[in-house]
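So the structure is just underneath, and the comments pick up after that.
The values are calculated or read from the model by the stated rules, or taken from the named source; none is laboratory data. Note that the structure is predicted; figures quoted are calculated from it, not measured. Backbone-built Cβ (ideal geometry, glycine too); neighbour counts: all protein chains shown.
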Amino acid sequence: MIKQELLDDVAAEIIEKKVCSELAEGATQLVIGDGNSDADIVFIGEAPGKQEDEQGKPFVGASGKFLNEMLAAANLNRDDVYITNIVKYRPPNNRDPSPEEKREFWPYLMRQLEIIQPKVIITLGRHSGAVFIPDLHISRDHGRARKVKYHDNEFLVIPLYHPAAALYNGSMRQVLIDDFLAAAELANLQK
């Protein structure tokens, strides 16, 4: 089986097993992820927003536009990377995902990563960063790579601010771009 078929199987299993069924009932659809299943870089956000829920793809709203700008600055595009979220259904009113929701989706996220086998995982925001690095303080740790072990896999994880932070706080924009470019360069060195 090719990687994309295995990722499709993960999505089907989430639906079949009714993972986070209350979230699923309020969502339009499952947002499993999008991009290159052979990617060296996987981006992980926290959960789909309204536009993501409608389109079935992660990071397609305003934050996604900024993510696309950062990808372009690093000479990458969405076809070069894989983008997903910890939680695969939109929480009501775009609230933060609960610890229980993150726990329920964790094994499926790990299966995605085991299938893709990225060289680098870039987490976008404190929610996604903290599932890999429990003692994470995003203001202190943004841009700092850490190795994280899960079963037989070791992943290089780089926590970044969420792109929305730059949209709401203009002074964060350059910090996020600088961290992003450094993370992309580190990913190139891992090849």
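Quick notes on this one:
- One residue from T84, T123 being buried (at least 21 other Cβ atoms within 10 Å of the Cβ) and over 22 Å from K17 (Cβ atoms): T123
- Lone qualifier among P163, P91, P97 - being surrounded by 13 or more Cβ atoms within 10 Å (Cβ to Cβ), of a type outside the set (D, E, K, R), free of Cβ contacts under 8 Å to residues at least 60 places away in the same chain and under 28 Å from Q4 (Cα atoms): P97
- Considering only residues in the range 33-78 that are farther than 23 Å from L156 by Cβ and outside any helix (DSSP H, G or I), the one that is modelled with the lowest pLDDT turns out to be G61.
- Boolean, Y168 is surrounded by fewer than 16 Cβ atoms within 10 Å (Cβ to Cβ) and within 19 Å of F59 (Cα to Cα): yes
- Pair list, Cβ < 6 Å and 6+ apart or interchain, from the range 1-24 residues that are on the phi > 0 side of the Ramachandran plot and modelled with pLDDT of 95 or more to residues that are charged (D, E, K, R) and surrounded by 13 or more Cβ atoms within 10 Å (Cβ to Cβ): C20/E101; C20/E104
- Criterion applied to G129, G143 was being surrounded by 16 or more Cβ atoms within 10 Å (Cβ to Cβ), part of a loop (DSSP other than H, G, I, E, B) and either basic (K, R) or touching a Leu at 6+ places or on another chain (Cβ under 7 Å) (or both), and the one residue passing it is G143.
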